[in-house]
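Encoded as structure tokens, the structure appears first; notes follow it.
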Amino acid sequence: MRPEIAALQEAMERQGYIADPAIATALFLAREMRRPLLIEGDAGVGKTEIAKVLARLLDTELIRLQCYEGLDVSTALYEWNYQRQMLRVRMAEDEGKTAGEIEDLIFGRSYLLERPLLRAITRAEGPPVLLVDEIDRADDGFEAFLLEVLSDFQVTIPELGTIRADHVPYVVLTSNRTREIGDALRRRCLYLYIEHPSLEKEVRILRARVPGASARLAEEIGRFMQALRRRRLSKAPGVAETIDWAQALCHLHSEHLDRETVAETLGCILKDQHDLRELGAGELEAVLAEAAG
């Protein structure tokens, strides 16, 4: 491994993120080449956390755009503060200003509500980290608009003109693959796919993120999660659920896994009624046996 990538990997670990060489390399290249990084993988494997760690390492602001079905340009880019504008219009009319003077007054930057994309472009204190989270939840039209923004890092506001980025942001996009991302956006980005972690990596994550868990408990949790993911589940639990479960077990002062405690805390790791029912119908014993053996 190259020294600079090894150094980044160690820096990420100091921030509590256990990264394998592929993750560290992708993040290093995205940072050095100033290319957007598209990260795909199942929910809970640590995609969003990469952007948070990058912002901490760079000591810069993290600006997050959470995508969802129906997300439109105004919500992601900007809106006018209509209430302030109307108040200023009334004041200007009382002052006897003309229509042209009023228009100049109310369509200024002070009346603009910056949403995440515009905020990432206009930030004057240096480049932020722009996290476009779950881009697969947005529709094709918004994806096309985002591609245009990422290509030029500039936006045009009819009343103000074109605004260009003084500092090109670092961009991380995440996707849970609920729909396919278009080829044009994929070509614009570097790409990283994150799998569920190996047993060794998952135990290391637990030791780093849940220091209150004993070495024995962390190992048993890791083995249980590995065995659980081999079952046919509607929603396989990710690392986020593993961490939540370990924290819950620490609150319960558990030193090791036993059937009763596991059965009572399954809601920490399984978030689907069908999965809970299936595991409670006899599969739990098999998972525990596999994890123990």
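Bear in mind that the values in this text are calculations on the coordinates, not laboratory data. Because the structure is predicted, anything quoted here is derived from the model rather than measured. Heads up, the Cβs are rebuilt from the backbone with ideal geometry, glycines too, and the neighbour counts pull from every protein chain shown.
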*asked:* Take residues that are of a type outside the set (A, V, I, L, M, F, W, C) and under 21 Å from L217 (Cβ atoms) and tell me which of the helices (runs of 4 or more DSSP H) falling wholly in region 230-293 contain 3 or more.
replied: 239-251, 259-264
*Return yes or no: is A24 among the small types (G, A, S), without any contact (Cβ under 8 Å) to a residue 24 or more places away in the chain and more than 23 Å from F142 (Cβ to Cβ)?*
yes
*Please tell me if K97 is of a type outside the set (D, E), part of a loop (DSSP other than H, G, I, E, B) and surrounded by 13 or more Cβ atoms within 10 Å (Cβ to Cβ).*
yes
*Of E69, E13, E4, E49, which residue is touching a residue at least 40 places away in the same chain (Cβ under 8 Å) and under 25 Å from P197 (Cβ atoms)?*
E13
*Of the residues in region 82-94, how many are surrounded by 13 or more Cβ atoms within 10 Å (Cβ to Cβ) and under 15 Å from L112 (Cβ atoms)?*
3
*Inspect all residues belonging to region 246-262 and state whether any of them is of a type in the set (V, I, T) and surrounded by fewer than 21 Cβ atoms within 10 Å (Cβ to Cβ).*
yes
